[in-house]
Amino acid sequence: MTSNDATTAGAEATFAGMWRDLAPVGRDGRSGGYQRFAWTREDHTLREWFASEAERRGLDLTVDRVGNQWAWWGDPDAALAAGRPGIATGSHLDSVPDGGAFDGPLGVVSAFASVDALRERGFEPDRPIAVVNFVDEEGARFGVACAGSRVLTGAMTADRARSLTDADGVSMAEALRAAGRDPEELGPDADNVRRVGTFVELHVEQGRHLSLPEVDQPVAVGSDIWPHGRWRLHTLGEANHAGTTRLADRDDAMLGFAAAVIAARRAAESHGCVATIGKVVVTPGGVNAIASEVTGWLDARGSDESAVRRVVADVTEVVEEFGGLVVEDSWTGTTPFDPGLARRIATRLGGIPVLGTGAGHDAGILANAGVPTAMLFVRNPTGISHSPEEFATSEDCLAGVAALTTVLLDLAGGAS
Ligand SMILES: [Zn+2]
């Protein structure tokens with residue numbers, strides 16, 4: 001079967017309808033970007049939308065201890081007891097500040113549309129299927145990405161989550177209470193995780209690989225999430241007057257920092273990685289004052305752990321040459337998705353490309369928790385993500401729905 005065989009006119013129509021319904025929620029009329037942050041009014045609207053889509057299809061809506069929403073087709077507990085744990089598919093509905101329309105919602109809308117396509121074919125799954133909306137994936141409000149799946153699987157403690165604060169000093173516990181939830185309920189939810197025998201997340205591509213002329217495919221399957229980390233770079237100097245201090249007398253913290261920025265770019269190029277310094281704090285921070293201290297954050301990622309480590313080593317060498325210091329804030333090694341599952345999906349979909357990704361996802365958190373997990377990526381011709389420029393053609397979105405439908409047909413077994 002090719003992926004297109006799984007497309008149905010009904011699913012196309014429901015996809016378009018859901019996309020239209022979501023389009024205005026949290027949209028900034030000026031930039032065209034989205035402001036959809038966890039446990040805000042916009043998030044509430046999105047959660048209501050999810051619940052109504054579940055109800056419209058007669059799916060059983062459950063909300064776990066963290067607030068992630070699950071819409072089940074079939075009884076997950078009965079199936080689990082019978083040794084046939086369910087299949088979950090979906091993504092998230094929140095956004096980064098001024099985010100695009102596709103990162104997250106494409107996976108949720110495609111999941112509902114795939115359920116519609118399966119039903120239109122008269123498919124009766126052997127394993128129950130859930131559509132899931134993970135809460136707070138982007139971490140835009142409280143600073144920790146994938147908070148919903150992290151707390152769910154125990155990768156982040158409830159205490160830490162409750163104490164995270166947003167830019168206004170509102171804690172997650174307070175935000176939960178304001179949204180009508182009991183913050184004490186927050187915690188790992190093994191019963192809900194156990195129900196998920198397999199997780200498949202469909203996501204817009206966050207790069208241009210599928211658009212390369214030699215690739216030119218609408219859908220890929222994920223192999224792994226690249227190793228990635230964050231490091232704080234400090235360089236020190238002496239504050240002084242920008243007009244009266246002779247160049248020879250200066251101790252300018254910015255020079256060492258600037259050398260580190262250039263070194264990061266060079267190291268990333270020579271080791272085949274990516275490196276970004278997108279946030280800098282300068283002390284004292286005056287236009288007419290020599291910098292006494294610069295702190296910048298290096299984000300480095302690549303397909304190979306040792307290569308990423310070499311990038312950081314090269315940058316550290318330069319920072320230390322200038323008497324500065326590098327501190328590791330976080331490090332996550334390679335997160336492989338289930339290789340057998342990825343192979344099975346790639347084969348079922350006619351040998352589609354297999355791609356690693358430099359972006360984190362709930363799928364990575366579930367994979368790390370031991371859930372067999374796969375990802376599908378839908379071509380994004382702009383290659384841009386986390387921006388209003390993020391895009392996928394409706395043809396490619398429907399190719400994604402068709403691919404996901406084929407995958408669910410294969411994984412859920414049963415009759416069609
Ligand atoms: Zn996402």
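The values are calculated or read from the model by the stated rules, or taken from the named source; none is laboratory data. Since we're looking at a predicted model, the values are computed, not measured. Note that we place each Cβ from the backbone using ideal geometry, even for glycine, and neighbour counts take in every protein chain shown.
Things worth noting here:
- Scanning segment 175-213 for residues that are among the polar types (S, T, N, Q) and part of a loop (DSSP other than H, G, I, E, B) yields one hit, GLN206.
- Evaluation of TRP72 against (1) in a strand (DSSP E or B); (2) surrounded by fewer than 20 Cβ atoms within 10 Å (Cβ to Cβ) (one fails), failing number: (2)
- One residue stands out in segment 326-378 among those that are among the charged types (D, E, K, R) and touching a strand residue (DSSP E or B) at 6+ places or on another chain (Cβ under 7 Å): the one that is farthest from ASP103 (Cα to Cα), namely GLU328.
- A search for C-beta distances below 9 Å between a residue of segment 354-371 that is in contact (Cβ under 8 Å) with a residue 60 or more places away in the chain and within 18 Å of GLU138 (Cβ to Cβ) and any residue that is outside any loop (DSSP other than H, G, I, E, B) and of a type in the set (Phe, Trp, Tyr), counting only pairs 6+ apart in sequence or on different chains, returns THR357/PHE377; ASP362/PHE134; ASP362/PHE199; ALA363/PHE199; ILE365/PHE134; LEU366/PHE199.
- Among the residues of segment 25-46, those that are assigned to a helix (DSSP H, G or I), more than 13 Å from GLU137 (Cβ to Cβ) and touching a Gly at 6+ places or on another chain (Cβ under 8 Å) comprise GLU42, THR45.
- Any chance THR335 is over 18 Å from VAL281 (Cα atoms) and of a type in the set (S, T, N, Q): yes
- Only one entry of ASP94, ASP103, ASP116 meets the criterion of being in contact with a strand residue (DSSP E or B) (Cβ under 6 Å, 6 or more places away or on another chain) and either among the small types (Gly, Ala, Ser) or farther than 23 Å from ASP191 by Cβ (or both), and that entry is ASP103.
- Being in a strand (DSSP E or B) and within 16 Å of the ligand (Cβ to nearest atom) is not true of HIS234.
- For ASP126, the stated conditions do not hold, so it cannot be described as crowded, with 16+ Cβ neighbours inside 10 Å, within 26 Å of ASP77 (Cβ to Cβ) and away from the ligand (no atom under 16 Å from the Cβ).
- Test: residue in segment 349-362 that is over 28 Å from PRO213 (Cβ atoms) and of a type in the set (Gly, Ala, Ser): yes
- Checking LEU366, LEU355, LEU341 one by one, the residue that is within 16 Å of the ligand (Cβ to nearest atom), surrounded by fewer than 24 Cβ atoms within 10 Å (Cβ to Cβ) and of a type outside the set (Ser, Thr, Tyr) is LEU355 and no other.
- Just one of (1) of a type in the set (Gly, Ala, Ser); (2) away from the ligand (no atom under 16 Å from the Cβ); (3) crowded, with 24+ Cβ neighbours inside 10 Å fails for ALA9. It is (3).
- Where strands (runs of 3 or more DSSP E) sit wholly within segment 313-416, those with at least 1 residues that are modelled with pLDDT of 95 or more and in contact with a Gly (Cβ under 7 Å, 6 or more places away or on another chain) occupy 373-378.
- Filter result for THR89 (among the hydroxyl-bearing types (Ser, Thr, Tyr), part of a strand (DSSP E or B) and touching a helix residue (DSSP H, G or I) at 6+ places or on another chain (Cβ under 8 Å)): yes
- Checking the stated criteria, SER171 turns out not to satisfy the condition of being surrounded by fewer than 19 Cβ atoms within 10 Å (Cβ to Cβ), more than 15 Å from the chain's Cα centre (by Cα), hydroxyl-bearing (Ser, Thr, Tyr) and under 30 Å from ARG310 (Cβ atoms).
- Test set (1) among the polar types (S, T, N, Q); (2) touching a helix residue (DSSP H, G or I) at 6+ places or on another chain (Cβ under 9 Å); (3) in contact (Cβ under 8 Å) with a residue 24 or more places away in the chain - THR165 fails condition number: (3)
Yes/no per residue for (1) farther than 30 Å from ALA402 by Cα; (2) out of contact with any His (no Cβ under 7 Å at 6 or more places or on another chain); (3) more than 14 Å from the ligand (Cβ to nearest atom); (4) in a loop (DSSP other than H, G, I, E, B):
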site	(1), (2), (3), (4)
ALA78	no, yes, yes, no
GLY83	no, yes, yes, yes
GLY107	no, no, no, no
SER114	no, yes, yes, no
VAL132	no, yes, no, no
ALA173	yes, yes, yes, no
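- Selected residue (criterion: nearest to the ligand (Cβ to nearest atom)) from residues of segment 89-105 that are among the acidic types (Asp, Glu) and within 20 Å of ILE365 (Cα to Cα): ASP103
- Among (1) part of a strand (DSSP E or B); (2) under 28 Å from ARG141 (Cα atoms), the one test that TRP49 misses: (1)
- Selection count, segment 134-171, where residues are under 19 Å from ASN368 (Cα atoms) and assigned to a strand (DSSP E or B): 1
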